[in-house]
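As structure tokens, the structure follows; a few thoughts come after it.
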Amino acid sequence: MQTSKAVLYQPPAHPFRYFFKADDYQTFYEQEQRLGSIYTYFTVLAILIACLGLFGLASFVTTQRTKEIGVRKIMGASVPSIVVLLSKEFTVLVLFSCLIGFPVAWFAMSKWLQDFAYATTIGWGIFAIAGVSALLIAWLTVSYQSIRAATCNPVEALRYE
């Protein structure tokens, strides 16, 4: 008669490791998400600094043109016409910066997007939204100074000149 030896359970030499494929993909894109949040913070900071600079430039231009604004008001110019007059040169500057910036941004973004598995293209709609947003931010920043200069008393502006 043969006696059987009791075989004890021994764990395998290499334990089973499991993972979810979604977690695996998540690790691929964590760096991109971190860079995206950093870019968002710096973009907001850059827009804020640009608005402050634009506000200072608008203040400087309106103080330099105080006499001209006073004469125009005395000659019958309306507040909207003075606001358009002061905002026109800033609009040209924003459009010129968009003309320079859009091709550079398109080139840089297309090169960056080529590194992904499912590469996509950048449509013109993104640049249209960016241009309109830049114009609106510039107009809102400049309009405060323009309206303040257009509603002031023209006699005060011309008295000391």
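Please treat every number below as a calculation from the coordinates, not as lab data. Quantities reported herein were computed from a predicted structural model and do not represent experimental measurements. Positions of Cβ are generated from backbone atoms using ideal geometry, with glycine treated the same way; all protein chains shown enter the neighbour counts.
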Query raised in the report: Are there chymotrypsin sites (Phe, Trp or Tyr not before Pro) in the range 80-161 that DSSP puts in a loop and that have at most 13 other Cβ atoms within 10 Å, and which ones?
Result: F116, Y118, Y160
Query - Per-pair calculated FRET efficiency, R0 = 41 Å: Y41 and T151 via Cβ, rounded to 0.05 - result: 0.65
Query raised in the report: Which value at 222 nm does the chain reach when only helices count, each DSSP H run of 4 or more adding -39,500 (n - 2.57), with the total divided by all residues and rounded to the nearest 500 deg cm²/dmol?
Result: -27000 deg cm²/dmol
**Report entry** Residue with peak Gaussian network fluctuation, the chain [Cα springs, cutoff 10 Å], from K88, K67, K21
**Finding:** K21
Query raised in the report: In whole Å, what is the distance between the alpha-carbon centres of the range 43-116 and the range 129-161?
Result: 11 Å
Query raised in the report: Which entry is the computed semi-axes √(5λ) of the Cα gyration tensor in Å for this structure: (i) 66, 18, 10; (ii) 28, 23, 13; (iii) 24, 20, 14?
Result: (i)
